[in-house]
Amino acid sequence: MLARFGVLAALACGAVNAIATISQVGSKFFDSNGDQFYIKGVAYQLTPDDPLINTQQCTLDAALMKQLGANTIRVYHVDPNGDHSGCMSTFADAGIYLIVDLDTFTTAIDPTVASWNDTQYNAYARVMDAFHSYDNTLGFFVGNEVIALANQSLAAPYIKAAARDLKAYRNTKGYRNIPVGYSAADISELRPMLQNYLACGTNSSESIDFFGLNAYEWCGDSSFSVSGYSTLNTYAQGYNIPIFFSETGCNTVRPRTFQDQSSIFGSDMSGLWSGAIIYEWINETNAYGLIEYGQDVSPTVVASGVVAGISVTGTPTPVAPDFTNLQNQWATLTPTGVKSSAYVTSTLTPPACPSSTSGGWLVQGDVALPTIGQTQGTSSAAATATGASTGTATGSAASATSTKGSASGGKEIAGMSVGLVAVMLTFVFWL
Ligand SMILES: *[C@@H]1O[C@H](CO)[C@@H](O)[C@H](O)[C@H]1NC(C)=O
Ligand SMILES: *[C@@H]1O[C@H](CO)[C@@H](O)[C@H](O)[C@H]1NC(C)=O
Ligand SMILES: *[C@@H]1O[C@H](CO)[C@@H](O)[C@H](O)[C@H]1NC(C)=O
Ligand SMILES: *[C@@H]1O[C@H](CO)[C@@H](O)[C@H](O)[C@H]1NC(C)=O
């Protein structure tokens, strides 16, 4: 009886999904049954505006993602005016959650003239409005690789201001406590200062709820220590909020074996990390895809449903053997973590806000965050951080950049380039 009522209520409300909601507690995610949640994700985009409006396509993809063993998608850009109910419920039915970026190409924080303004705030809030009601919305990113170079750390207070204001908006609207985080490029000069800065301070209303790292350090046959993951793991010790790979999956050695998953979900890292999102679902010119929709159709113009030569709809076909390699990895990796009832957070405290360093981190401690309408160079945050003007910042940034080649043995640098190239190719592709 109760069950039947539940179904009727679900039909009546439309947006109700029978999936446990995820919340952030301390450094972990838990589902509403009290089990720790580890992200096994894939990046899902291809179409420039919004991949979550074509229900038929989402249904085909969700079914194959379920076979892969994925439980999460990451989507970089959405149109808040679109109807997402079909895609969101088909993903929920497949047990798949969504982490969605709130920004678009036009509203993202620009690190060269960082600003946090009403246009951005309103655009981010509209995306939150569009997705908060779905039980399978896991989290929101306020930015992806806003800081893309070692000399751009002065944009960090703007990222934090965005998180502060979107968390306040969520609370004011009475939305579910969906966590708000950031997805960072893997820049060795800024480790661990960036991750610590975004989480630091005594007022958790002003810090991010989780930190994602886009890291392409582990290529082919490698190991926890050789890849550089052991260094990343050191920085995750004692971190007070969840940390996970928001992009991973180096493709410079083929076929991709996804060996790194056994460290992430195994005893090396699963005590500190909350999983990984593989870049990416649909194959593009950068050749990171796990599936293809069919033959490239090769027009040079962008037509309806077609982006510069690659079909953006169709029946997903696994890329062999990469798809199966990932599927086999994930099938054997099922950490249980801790139960929320047994999880003690009292030992966790936010990291100290880092002082500026000669090696590249330019923000001095717990600076006042910009308020809406401030732009880098005019805000108290930027002024405090640079001591005087953006001129000073440019000078120190230039010297910070020159240490890049010698930092951390080069693996991370190579990895970062791959990530950036991936993003840039994607961007060019969409133009
Ligand atoms: C707000 O920020 C965006 C993104 O950086 C920028 O394109 C836009 O010009 C800014 N708007 C105003 C009014 O400053
Ligand atoms: C914490 O930060 C929020 C957002 O900036 C602010 O509204 C609140 O007053 C702060 N709380 C304290 C105790 O400073
Ligand atoms: C992915 O697409 C690229 C560009 O079209 C192509 O070179 C590559 O062979 C494709 N990868 C697979 C595995 O099909
Ligand atoms: C930042 O570093 C890049 C190279 O990594 C350089 O091209 C750029 O000019 C630098 N920007 C500033 C403001 O120094």
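For the reader, a short list of remarks on this structure follows.
- Between Q364 and N177, the contour length at 0.36 nm per residue exceeds the Cα-Cα span by 64.3 nm.
- Accessible surface ranking for I53, I109, 1.4 angstrom probe, highest first: I53, I109.
- Rounded FRET efficiency, nearest 0.05, which uses the C-beta distance separating D31 from T324 and R0 of 25 Å: 0.35
- Computed label-point distance, nm, for sites S204 and T357 using a 7 Å Cα→Cβ extension: 2.7 nm
- In a reduced charge model with +1 at each Lys and Arg Cβ and -1 at each Asp and Glu Cβ, the stretch 127-263 shows a dipole moment near 280 debye about its Cα centre.
- You can think of it this way: the chain between S267 and S85 has 61.7 nm of extra reach, that is 0.36 nm per residue less the Cα-Cα gap.
The values are calculated or read from the model by the stated rules, or taken from the named source; none is laboratory data. Everything numeric here is computed off the predicted structure, so don't read it as measured data. As a convention, Cβ positions derive from the backbone with ideal geometry for all residues, glycine included, and neighbour counts pool all protein chains shown. The protein model used for the area step is the full one, side chains on, heavy atoms only, and it has no ligands, DNA or RNA in it. Shrake-Rupley method; radii C 1.70, N 1.55, O 1.52, S 1.80 Å.
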